[in-house]
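Everything below concerns the one structure shown next.
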Amino acid sequence: MMYLGYNIYPYWQSLLNSFGMGLKQIDHGSREYQQMVSLRNTILRQPLGLSFTQDELEKEKNDILIAAFDDDEMLGCCMLTPINQQTLRVRQMAVQNNLQGKGIGASLMSFIENIARDKGYRNLMMHARNTAIGFYEKFGYKVSGTEFLEVGIPHHVMEKNL
Ligand SMILES: CC(C)(COP(=O)(O)OP(=O)(O)OC[C@H]1O[C@@H](n2cnc3c(N)ncnc32)[C@H](O)[C@@H]1OP(=O)(O)O)[C@@H](O)C(=O)NCCC(=O)NCCS
């Protein structure tokens, strides 16, 4: 299935919404931000034997931080880092292990693309783990350039004009 703009994930999206899933921007340093760092640690860093340094987290102060919630429980998250006036980089996309494959990632993608458009950005790009390339392709992102290593695992740059 292709995901274009406001054409959001029909089945699981509405089912999850009926359970009360909400997507929102969160503040750096807040209690929700601590939840986000914990989720990112569990999904993205611990499996690689890594964690976040205080310095890395400090650098996120000006990023747009997004999370999906069911009441107080954080289901998934991601971040947007401005690269220049036209382009945002999507980073740290993560969904709880036991909730993957249910449309939460698709909802996050749709939400951040709308935020990016609203703020006047024209492009989104990411350093996609090779294992996640198929996910981003669902939303029209294309691989550009050659493979490189980040956090010790293979990645490709992917991008899309909004
Ligand atoms: C990648 C990730 C964010 C996707 O979120 P998700 O909630 O599991 O994805 P969704 O359920 O919304 O899937 C949307 C579509 O993408 C597909 N998809 C999901 N993950 C995929 C993957 N890794 N590779 C290929 N396709 C994938 C789904 O099958 C679904 O396709 P469909 O519409 O044809 O049914 C999530 O699986 C995750 O956190 N993975 C581990 C961390 C990670 O790799 N993050 C990305 C770092 S670049």
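Bear in mind these aren't lab numbers, they're just calculated from the coordinates by the rules spelled out. Quantities reported herein were computed from a predicted structural model and do not represent experimental measurements. Every residue, glycine as well, gets a Cβ built from its backbone with ideal geometry; the counts of neighbours run over all protein chains shown.
Could you name the aspartates and glutamates in cross-link range of Lys138, using Cα to Cα under 15 Å and dropping any fewer than eight places away on the same chain?
Of all the aspartates and glutamates, those that pass the test against Lys138 - Cα under 15 Å, at least 8 places apart if same chain - are Glu113, Glu159.
Local charge sum around Ile43 (other residues, Cβ-Cβ under 14 Å, Lys/Arg +1, Asp/Glu -1)? Walk me through the numbers on the way to the answer.
Working: positive: Arg40, Arg45, Arg91, Arg129; negative: none.
Summing Lys and Arg as +1 and Asp and Glu as -1 gives +4.
With Rg and the Kirkwood Rh both taken from Cα atoms, where does Rg over Rh land for the chain? Walk me through the numbers on the way to the answer.
Details: Rg = 15.0 Å, Rh = 16.1 Å.
Computed over Cα atoms, the ratio is 0.93.
Using only helices, what value at 222 nm comes out for the chain when you add -39,500 (n - 2.57) per DSSP H run of length 4 or more and divide by the total residues, to the nearest 500 deg cm²/dmol? Could you put the intermediate results ahead of the total?
On the way: 5 runs with 43 residues, N = 162.
Dividing the helical sum by the residues of the chain leaves -7500 deg cm²/dmol.
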